[in-house]
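Below: one structure, written as structure tokens.
The values are calculated or read from the model by the stated rules, or taken from the named source; none is laboratory data. Worth saying up front: this structure is predicted, and the values here are computed from it rather than measured. Note: ideal-geometry Cβ built from the backbone for every residue, glycine included; neighbour counts use all protein chains shown. Side chains included, ligands, DNA and RNA excluded: accessible areas come from the protein's heavy atoms. Shrake-Rupley method; radii C 1.70, N 1.55, O 1.52, S 1.80 Å.
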Amino acid sequence: MSRRALIALVLVFQIIVGVVLGEGVLLAMYSLVSPRYPPALLEFFRWEYFYRRNIVQLDTDRARYDAELLYTLRPGRFTFANIEYTTQYVVNSLGVRDDEASLVQPEIVVAGDSYAMGWGVQQDEAFPQVIARKTKRRVLNAAVASYGTVREMRLLDRVDMSHATTLVIQYCANDFDENEQFEQRGNRHAPGREQEWLDAIATQRRTARYRPLRMLYDSAIWIKRGIEGHHWGGFEPYTPPADRAAELFLNALLHAPHQDLTRLRIVVTDPDADHRFIRALDRLHGDQRYPPHIRAMRIVDVSALMTPDVHYVLDDHLTARGHQLIADAVIAALR
């Protein structure tokens with residue numbers, strides 16, 4: 001072998017070793033993520049996690065198709081995990097993360113999405129269960145990940161509300177699209193087809209699957225898009241207009257449920273550090289065009305409590321401490 005060929009071989013070997021080591025270092029840092037990482041590195045890891053994480057409602061072992069609601073959780077017991085947590089789920093016959101006993105004439109019903117469901121925390125750490133323990137009242141956690149207000153209200157049609165006195169609704173900014181589509185369709189709910197759900201599951205599986213050198217490839221894409229001027233290297237956050245979001249929420253609350261909510265005390269909260277929606281709702285719901293039960297609604301603003309230390313580093317959901325803070329704020333409103 002000539003000297004030139006030998007040098008080329010050594011260089012190729014060094015490049016391969018460097019690439020493999022780089023991938024290994026990124027994977028190790030991703031798995032052991034710390035808030036002490038440089039901000040740019042943290043943002044890359046959050047972007048990576050957002051697209052690669054497990055999603056409970058896009059897993060046929062943990063969710064089931066529903067002709068009206070698109071999906072519910074799958075009744076039974078299972079484990080749901082991501083990098084920062086491993087959690088146990090007990091799902092009742094309704095398809096929500098609670099026991100069978102809570103379905104029998106609950107006094108307080110909590111509607112919401114993944115936050116109220118308790119994404120990232122153990123079942124007894126989710127704020128509906130904390131409320132149940134602290135108030136000694138029967139509470140049903142009827143929250144399901146990624147439901148908007150419309151599906152949350154339609155799920156209530158399946159709940160025995162005969163003894164309910166209070167409905168707690170946890171809002172999230174991603175409710176906006178579902179609520180807007182409901183209004184645009186003349187306040188009619190259009191159920192999704194099973195094939196759409198299965199296609200979303202297939203896409204999620206392809207996206208989440210690890211391929212060799214994925215971290216290095218994704219970091220190169222991240223840097224390229226950052227150079228091109230994309231915020232966060234390509235993940236563009238969107239915050240809907242607060243006044244419009246509040247109007248759509250109230251419209252869904254009035255027209256989506258078949259249950260009679262007029263006799264219930266309604267409490268609304270939003271576990272977002274951005275207070276614009278909850279304050280817009282606080283201004284709007286007292287308008288005389290709304291019926292008395294809407295005007296009497298209690299708004300619980302927890303935005304000041306939703307600091308980074310009550311969130312996971314990668315996941316955008318709350319830790320057990322965040323759930324405790326929401327539970328205490330809601331209990332104070334109930335009193």
Rounded to the nearest 0.05, what FRET efficiency do LYS136 and THR60 have when you use their Cβ-Cβ distance and R0 = 41 Å? 0.65
Give the percent of DSSP beta bridges with both residues in the chain that are antiparallel, rounded to the nearest 5. 45 percent
Determine the shape class of the stretch 73-202: with a ≥ b ≥ c the square roots of the Cα gyration tensor eigenvalues, call it rounded for a/c under 1.5, and otherwise prolate if a/b is greater than b/c, oblate otherwise. oblate
Hull volume in cubic angstrom per residue (convex hull over the Cα atoms of the chain): 157 Å³
Expressed as a whole number of Å, what is the distance separating the alpha-carbon centroids of the stretch 4-40 and the stretch 265-286? 47 Å
Here the relative contact order (percent) of the chain, from C-alpha pairs under 8 Å and at least 6 apart, is 19 percent
Please state the charge dipole magnitude for the chain, taken about the Cα centre, from unit charges on C-beta atoms (+1 on K and R, -1 on D and E), reported in debye and rounded to the nearest 20. 600 debye
How large are Rg and Dmax for the stretch 36-115 when calculated on the C-alpha trace, in angstrom? 16.1, 50
For the chain, the accessible surface attributable to carbon and sulfur atoms (probe 1.4 angstrom, ligands and nucleic acids excluded) amounts in percent to 56 percent
Normalised by the number of residues in the stretch 166-257, what is the relative contact order in percent for Cα pairs under 8 Å and 6+ residues apart? 46 percent
How big is the Cα convex hull of the stretch 210-335 in projection, averaged over all directions, in nm²? 11.4 nm²
Could you give the accessible area per residue of the stretch 1-62, probe 1.4 Å, as a whole number in Å²? 66 Å²
Can you order the peptides 174-184, 192-202 by their average number of other Cβ atoms within 10 Å per residue, highest first? 174-184, 192-202
On the Cα set of the stretch 142-195, report Rg and Dmax in Å, please. 12.3, 38
So what's the gap between the Cα centers of the stretch 58-130 and the stretch 164-206, to the nearest angstrom? 16 Å
Could you run the Karplus curve 6.51 cos²θ - 1.76 cosθ + 1.60 with θ = phi - 60° over the stretch 17-34 and give me ³J(HN,Hα) per residue in whole Hz, x for Gly and Pro? 4, x, 5, 5, 5, x, 4, x, 5, 4, 5, 5, 5, 5, 5, 10, 4, 9
Out of TYR115, TYR312, TYR89, any idea which swings most in a Gaussian network model of the chain, alpha carbons joined below 10 Å? TYR312
Residue separation times 0.36 nm, minus the C-alpha to C-alpha distance between TYR85 and ARG244: what's the value? 53.7 nm
Note to self: with every protein chain in place and a 1.4 Å probe, the stretch 185-335 gives an accessible area per residue in Å² of 54 Å²
Within the stretch 28-59, find all residues whose amide N lies under 18 Å from a label point positioned 7 Å from the Cα of THR307 along Cα-to-beta-carbon. 35-36
Given a cut-off of under 8 Å on Cα pairs at least six residues apart, what relative contact order in percent is computed for the stretch 95-240? 23 percent
Shape call for the stretch 168-258, from the Cα gyration tensor axes a ≥ b ≥ c (a/c under 1.5 means rounded, otherwise prolate when a/b beats b/c, else oblate), comes out oblate
Among PRO106, PRO191, PRO271, determine the one that fluctuates most according to a GNM of the chain built with springs between C-alpha atoms less than 10 Å apart. PRO191
